[in-house]
Amino acid sequence: MEKILVLDFGGQYNQLIARRVRDEHVYAEIKAYSKITADKIASEGYAGIIFTGGPNSVYDPSSPHFDPAVLNLGIPVLGICYGCQLMAYMENGEICSAGSISEYGKVDLTVKQSPLFKNVPEKSVCWMSHTDYVKTPPAHFEIIASTDNCPVAAMCDESRNLYAVQFHPEVTHTEYGKAILHNFLYDVCRCKGEWTMENFAASSIEKYRETLKGKRVLCALSGGVDSSVAAVMLHKAIGDNLTCVFVDHGLLRKDEGDIVENTFKTKMGLNLIRVNASDRFLAKLEGVTEPEKKRKIIGEEFIRVFEEEAKKIGKVQVLVQGTIYPDVVESGAGDAAVIKSHHNVGGLPDVIDFDEIVEPLRNLFKDEVRAVGIELGIPYELVWRQPFPGPGLAIRVMGDITKEKLDTLRLADAIFREEILNAGLERDVNQYFAVLTNNRTVGVMGDARTYGYTVALRAVSTDDFMTADWSRLPYDVLARASARITNEVHSVGRVVYDVTSKPPATVEWE
Ligand code: XMP
C-alpha cells in the first residue's frame with residue numbers, strides 16, 4: 001500500500017499533518033526522527049516524506065537533526081516550518097532569527113508557479129508560527145513563495161522533488177493548505193489515493209478471517225466507539241469464534257446497558273455476554289468519596305469480573321484491544337511492539353491467559369474509526385456518541401455513591417442530552433453531561449419548602465480533550481433543560497451551568 005512518512009521533529013501539528021494526508025486518501029504514518037534511519041526509510045517504499053515542524057532552532061546543537069542522505073533517496077520531501085529550515089540547513093542554506101519580525105498567525109502569501117501551488121492563486125492567506133526563517137535557500141533551490149516579512153516562505157528543488165514551506169498547510173487557516181498537500185501527494189509523489197475506510201474494512205476482515213481462523217477470540221466491549229468497531233469488525237471476520245464480554249457496572253447512563261445489548265447482541269448478532277455486576281461495584285464503592293480511589297476500585301473490579309467471565313469461556317488464544325493511532329503515537333511506541341493497555345480496561349493483558357493481542361484499529365485516527373463503524377453498519381448514534389469515561393457516573397456523582405444518587409443523575413443527564421439533541425447541537429458540542437453535586441439547596445415548590453440536590457450541567461468544545469472551552473449553549477436550551485430537570489426529577493431543586501474551561505478545570509468534575 002502506498003504510504004507517506006511524517007517524520008516527526010516534535011511539532012505540535014504532527015498528528016494533524018498525518019490526518020490531513022489521510023483525508024486525501026493516502027496512508028500516512030508518523031515516526032519520531034530519532035527512531036528511524038535514512039536506510040530504513042529507503043527500504044520501506046515510502047511514496048513521500050513530510051518533515052514536521054518543531055520548537056527548536058536548527059543551529060542549536062541539541063535541536064533534532066537528520067541524516068542529509070534522506071534528501072538523496074529519490075523520495076519526494078516536503079518540509080514544513082522547522083522541517084523547511086532543516087531542509088535548508090541540510091543543504092547548506094542560511095537560516096536566521098526573525099527577531100522582532102517573527103510571524104505568528106494569518107499572513108498574506110504570494111506564490112509563484114510551481115507543481116506545489118497548482119490551483120493556488122498568486123495571493124492568498126497562510127498560517128505562520130515561527131521565530132527563525134530561511135534567509136538564503138541552498139544552491140539549486142528556487143524561491144517559490146514569500147510574505148512581507150519572510151523572503152523564503154516556500155522553496156524547492158524541482159529536479160529532486162524537494163519542497164519546503166515555512167507556513168503550515170495542515171491548519172485550516174491556511175486558505176489553500178488542502179490544495180498544497182493534495183498537490184504534493186498527487187503531483188509530486190504521484191500517489192493514487194488508495195486509502196479509504198471501505199478498503200480498510202474489507203481488507204481487515206479478509207486478513208483476520210485468515211489469520212484468526214479456528215482461534216478463540218475475546219473482546220471487552222464497553223459500548224464505546226473503539227471497542228464496538230473492533231468487535232463488529234472481528235465478528236464479520238470470524239463470527240461466533242469471537243466472544244464479547246460487556247461488563248455492566250451499574251454506572252452507565254440511562255438505558256445504556258440495554259442499548260448496547262440490544263444493538264450488538266440482538267440486532268448485529270454478536271456473541272455477547274452481558275455481566276450485570278452493578279451490586280458488586282456498588283458494594284465496593286460504598287462510602288468511598290475520593291475520586292482516585294473510586295477510579296482504582298472500579299478499574300480493579302472490572303478486571304476481576306472480566307477475568308471470571310474469561311475463565312468460564314476457557315482457553316482464549318487472542319485478546320482484542322481497541323487501541324487507536326493517537327494512543328500508539330503518544331505512547332512513543334512507533335512501530336516497536338509496546339502494547340499499551342486500553343484506557344478503560346487497564347491491566348487486562350496481565351491477568352488473562354492468552355497468546356496474542358490483536359489491535360484492529362491500531363493505525364486509525366478517531367474519525368477514521370467512526371467511518372469504519374459506519375461502513376460496518378453500526379448505528380449512527382453509537383458511532384457518533386460522545387466520549388464516556390470508563391469509571392462512568394461514579395466520577396459524576398460527587399462524594400459517596402448510592403443507587404438513589406445514580407438514578408437521580410441518570411434522569412437529569414438523560415434530559416440534558418435529549419435537549420441538546422432536540423436543539424441539533426450534538427455535533428457542535430464535543431461532550432455534554434450532568435453532574436450530581438453533593439450540595440442540597442433550599443427551594444420552594446407550591447407552598448412548600450424543598451431541600452433538593454444541585455445538578456450541574458457541563459458542555460465543552462474541544463479538539464483533543466487536552467484543553468477545552470465551555471460551550472456557549474443558547475439560553476433557551478439551558479432554560480428548557482433546567483425547567484425539565486427540576487420538574488421531572490423530584491430530588492433535584494436547583495440546576496447550574498459550569499462556565500469553566502480546561503485548564504484550569506478538567507472536563508469531568510472528579
Ligand atoms: P478530563 O476530566 O481529564 O477528561 O479533562 C478528558 C477526557 O477524558 C475522559 N476521562 C476518562 N476516560 N477513564 C476514561 O476512560 C477515566 O478515568 C477518565 N477520566 C476522564 C473525559 O470524559 C474526557 O472525555
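The values are calculated or read from the model by the stated rules, or taken from the named source; none is laboratory data. These numbers were taken from a predicted model, which means no experiment stands behind them. Ideal geometry is used to build each Cβ from the backbone, glycine not excepted, and the neighbour counts take in all protein chains shown.
Just one residue in the set G99, G93, G79 is at pLDDT 95 or above and either closer than 21 Å to H182 by Cα or surrounded by fewer than 18 Cβ atoms within 10 Å (Cβ to Cβ) (or both); that residue is G79. Filtering the stretch 437-456 down to residues that are over 15 Å from S482 (Cβ atoms) and not polar (S, T, N, Q), which residue is farthest from the ligand (Cβ to nearest atom)? That would be D447. Within the stretch 230-248, the set of residues being within 20 Å of N363 (Cβ to Cβ) and of a type in the set (D, E) is empty. Would you point out the residue of the stretch 384-401, among those that are within 11 Å of the ligand (Cβ to nearest atom) and part of a loop (DSSP other than H, G, I, E, B), that is farthest from I374 (Cα to Cα)? Per the stated criteria, the residue is R396. Scanning the stretch 361-383 for residues that are part of a helix (DSSP H, G or I), more than 15 Å from the ligand (Cβ to nearest atom) and charged (D, E, K, R) gives D367, E368, R370, E375, E381. The single condition from (1) within 14 Å of the ligand (Cβ to nearest atom); (2) at pLDDT 95 or above that G347 fails is (2).
Mind listing whichever residues of the stretch 477-510 are among the acidic types (D, E) and within 16 Å of Y432 (Cβ to Cβ)? Let's see the steps before the verdict.
Filtering the stretch 477-510 down to residues among the acidic types (D, E) leaves 488, 498, 508, 510.
D498, E508, listed by residue number.
Looking at L16, L73, L86, just one residue is crowded, with 20+ Cβ neighbours inside 10 Å and of a type in the set (A, V, I, L, M), and that residue is L86. Would you mind finding the one in K403, K366 that is within 21 Å of L425 (Cα to Cα) and of a type outside the set (F, W, Y)? K366 is the lone residue from the list that is within 21 Å of L425 (Cα to Cα) and of a type outside the set (F, W, Y). Can you find a residue that is outside any helix (DSSP H, G or I) and within 16 Å of the ligand (Cβ to nearest atom) anywhere in the stretch 402-425? Looking for residues that are outside any helix (DSSP H, G or I) and within 16 Å of the ligand (Cβ to nearest atom), one finds none in the stretch 402-425, hence no. Only one of the numbered conditions (1) free of Cβ contacts under 8 Å to residues at least 12 places away in the same chain; (2) buried (at least 19 other Cβ atoms within 10 Å of the Cβ) is not met by D8, and that is (1).
Listed by position, the strands (runs of 3 or more DSSP E) contained in the stretch 119-160 that have at least 3 residues being out of contact with any Lys or Arg (no Cβ under 9 Å at 6 or more places or on another chain) and surrounded by 15 or more Cβ atoms within 10 Å (Cβ to Cβ) are 123-130, 132-136, 154-157.
Across the stretch 475-510, the qualifying residues are those that are assigned to a loop (DSSP other than H, G, I, E, B) and within 15 Å of V444 (Cα to Cα), and the one among them that is nearest to the ligand (Cβ to nearest atom) is V489. Every condition in (1) within 16 Å of the ligand (Cβ to nearest atom); (2) farther than 20 Å from R494 by Cα; (3) not aliphatic (A, V, I, L, M) is met by F433 except one, and the failing one is (2).
Any residue at all in the stretch 320-339 that's away from the ligand (no atom under 16 Å from the Cβ), in a helix (DSSP H, G or I), modelled with pLDDT under 90 and among the charged types (D, E, K, R)?
At the first step, the residues of the stretch 320-339 found to be away from the ligand (no atom under 16 Å from the Cβ) are 320, 325, 328-329, 332-339.
Checking which are in a helix (DSSP H, G or I) leaves us with 325, 328-329.
In the following step, the residues that additionally are modelled with pLDDT under 90 were identified as 328-329.
Okay, now just the ones that are also among the charged types (D, E, K, R), so none.
No, the stretch 320-339 has no match at all.
The stretch 1-118 holds helices (runs of 4 or more DSSP H) entirely within its bounds, and those carrying 2 or more residues that are out of contact with any Leu (no Cβ under 7 Å at 6 or more places or on another chain) and among the hydrophobic types (A, V, I, L, M, F, W, C) map to 14-23, 82-90.
On the stretch given as the stretch 457-474, residues that are at pLDDT below 95 and more than 13 Å from the ligand (Cβ to nearest atom) total 0.
Considering each residue of the stretch 426-474, count those that are outside any strand (DSSP E or B) and under 20 Å from the mean Cα position of the chain (by Cα), and give that number.
The initial filter retains those residues of the stretch 426-474 that are outside any strand (DSSP E or B), namely 426-430, 446-447, 462-467, 471-474.
If we keep only those that are under 20 Å from the mean Cα position of the chain (by Cα) as well, we get 426-430, 462-467, 471.
Counting residues in the stretch 426-474 that are outside any strand (DSSP E or B) and under 20 Å from the mean Cα position of the chain (by Cα) gives 12.
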